[in-house]
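The values are calculated or read from the model by the stated rules, or taken from the named source; none is laboratory data. Source: prediction; values computed, not measured. Counting neighbours? That spans all protein chains shown, and the Cβs are built from the backbone with ideal geometry, glycine included. Just so you know, the surface numbers come from the protein's heavy atoms only, side chains and all, with ligands and any DNA or RNA stripped out. Shrake-Rupley method; radii C 1.70, N 1.55, O 1.52, S 1.80 Å.
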Amino acid sequence: MDHTIFLYLGLIVLLARIIGDTVAKFGYPSVIGEILVGIVLGKSVLGLIEPNEVIKILAEIGVVLLLFQVGIEANIKQLRMVGTNALVVAISGALLPIAFSFIVCYWILKMSIITSLFIGGTLAATSIGITVRVIKDLGRMKENFAQVVLGAAVLDDILGVIILATLIQLSSSLSFQVNNLLILLLYLTTFFVCAPLVAQMMTKLIEFLSEKLENLDFIPATVISVVFIFSFLAYKFGSPEILGAFVFGLAMSRGFNIPFLKFLSTKKQTTEKVEHSILPLIWLFTPVFFVFIGLQVNLKAINFASPDFWVLSLIIGIIAIISKVFAGFTLKISFREKLMIGFSMLPRGEVGLIFAEFGRQARIFDDLLYAVIIFVVLITTFIAPLALRIINEKYYQQNSN
């Protein structure tokens, strides 16, 4: 075992905490500071830490726990009320980047069909981890727009899986197999129909065992173990692991119940115990996830002196911003909420990096295009928190006046 991993983790957690809290002290979301720590420690600046498998696993644990926390704290009644709006935002937020990218890249820039579609697929992604963290940092998680964003981001992740699977299939065989897509959709549907029921049954079993053992401390550890199991099951059913954690969190949240099976609803005492117990884990692991995003970026590989790089970055960057922000304007809500929703859907983060890496490995992106995509993903990841903070401050200053 390479024992330097302990040094790396020590640096990551310590610096993420210091820089993240410093950034937060100046009124900016701490996620910006945490991603910057990753950029500085990684290949882009100092080259001290490689984004290895151990850090990647700990980062995934961080985002899984974050999404579980979001699920368990969710306002089910409000989520149901905004369901249609969330669906509209998710679909428009996924399809508009693909449509805009295809029109510009294929018809104007004369790129191939598969390259144009892959750029669109990359820009269609939304990093739910970044979105949720920024809104939580702003203290707006309980607002109506945040519930729309949460529902849309979850649906967007599902659409992202379908889009990625379809594009990989197209790139490998240049043909589209409907059967493969239908099987994927069947798996996803099965998971989301069955998972809440299984989750509540598991929670009820944990509550029963806790009562028999007369020990409430039994609950948090067993619940976290089930979170990991649900994350694994989500992956096996073709869905991102974070959605398994989110669904289990929803099943444990206050107000969640399945018709005719209300006796399975989680006790308030259990929910409160879990919420209180997982906070230290979230404070420890979640910053690792955002630092890991920064570690994956290599700014040295980008030729900033190339005019072609800047022209392409400007074009694709404009598409990336406009196509996502416009998704918020598909709803009949206040102008401020439209902006908040649009910019909340903007960060691509690790999801965009995954798409870009698939495009590079499949030789769909050449070196220039790969560098452009990485740069645009990074820029959108930074713009979103700053824009949300500015919109948030401007709105509340106007209200206070």
- Furthest towards positive pole of dipole, Val297, Pro97, Ala24, structure part the chain, Cβ charges: Pro97
- Query: Which FRET efficiency value, to the nearest 0.05, is calculated for Lys267 and Asn303 with the Förster distance at 51 angstrom and r the Cβ-Cβ distance?
  - Reply: 0.30
- Query: For segment 60-71, in order, what is each residue's ³J(HN,Hα) by Karplus, 6.51 cos²θ - 1.76 cosθ + 1.60 with θ = phi - 60°, in whole Hz (x at glycine and Pro)?
  - Reply: 5, 4, x, 6, 5, 5, 4, 5, 5, 4, 4, x
- Please find, in a Gaussian network model of the chain (springs between Cα atoms separated by less than 10 Å), the residue of Ile158, Ile302, Ile341 whose mean-square fluctuation is greatest. Ile302
- Message: Show me the trypsin sites (Lys or Arg not before Pro) within segment 299-377 that DSSP assigns to loop and that have at most 10 other Cβ atoms within 10 Å of their Cβ.
- Response: Lys332, Arg363
- Note on the structure: Along the dipole axis of segment 184-299 (charges at Cβ: +1 for Lys and Arg, -1 for Asp and Glu; origin at the Cα centre), the most positive-end residue among Leu197, Val288, Ile242 is Leu197
- Would you mind telling me the share, in percent, of accessible area of the chain contributed by carbon and sulfur at probe 1.4 angstrom? 68 percent
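Please compute the Kirkwood hydrodynamic radius of the chain from all pairs of different C-alpha atoms, in Å with one decimal. List each step's numbers first, then the result.
Working: mean 1/r = 0.0458 Å⁻¹.
Kirkwood radius, the chain: 21.8 Å.
What is the Cα convex hull volume of segment 34-127 when expressed per residue in Å³?
On the way: hull volume 14.0 nm³, N = 94.
Dividing the Cα hull volume of segment 34-127 by its residue count gives 149 Å³.
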- Residue-ordered couplings for segment 375-384, obtained by feeding phi - 60° into the Karplus form 6.51 cos²θ - 1.76 cosθ + 1.60 and rounding to whole Hz (Gly and Pro as x), are 5, 5, 4, 5, 4, 5, 5, 7, 5, 4
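Express the accessible area of the chain per residue in Å², computed with a 1.4 Å probe while the remaining protein chains stay in the model.
On the way: 18400 Å² over 401 residues.
Averaged over the residues of the chain, the accessible area is 46 Å².
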- Of Lys324/Lys394; Lys338/Lys394; Lys142/Lys204; Lys236/Lys324; Lys43/Lys324; Lys142/Lys273, which pairs sit farther than 24 Å apart, going by alpha carbon to alpha carbon? Lys142/Lys204; Lys236/Lys324; Lys43/Lys324
- Item | In order through segment 17-24: 3J(HN,Hα) via Karplus (6.51 cos²θ - 1.76 cosθ + 1.60), integer Hz, x for Gly, Pro | 5, 5, 5, x, 5, 5, 4, 5
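Would you mind getting me the FRET efficiency between Ile390 and Lys56? Use the beta-carbon distance for r and R0 = 45 Å, nearest 0.05.
Details: r = 33 Å, r/R0 = 0.72.
Once rounded, the FRET efficiency stands at 0.85.
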- Message: In Å and on Cα atoms, what radius of gyration and Dmax does segment 262-323 show?
- Response: 22.1, 64
- Query: So, in nm, how far is label Asp367 from label Lys212 when the simple model puts each one 7 Å beyond its Cα toward the Cβ?
  - Reply: 6.4 nm
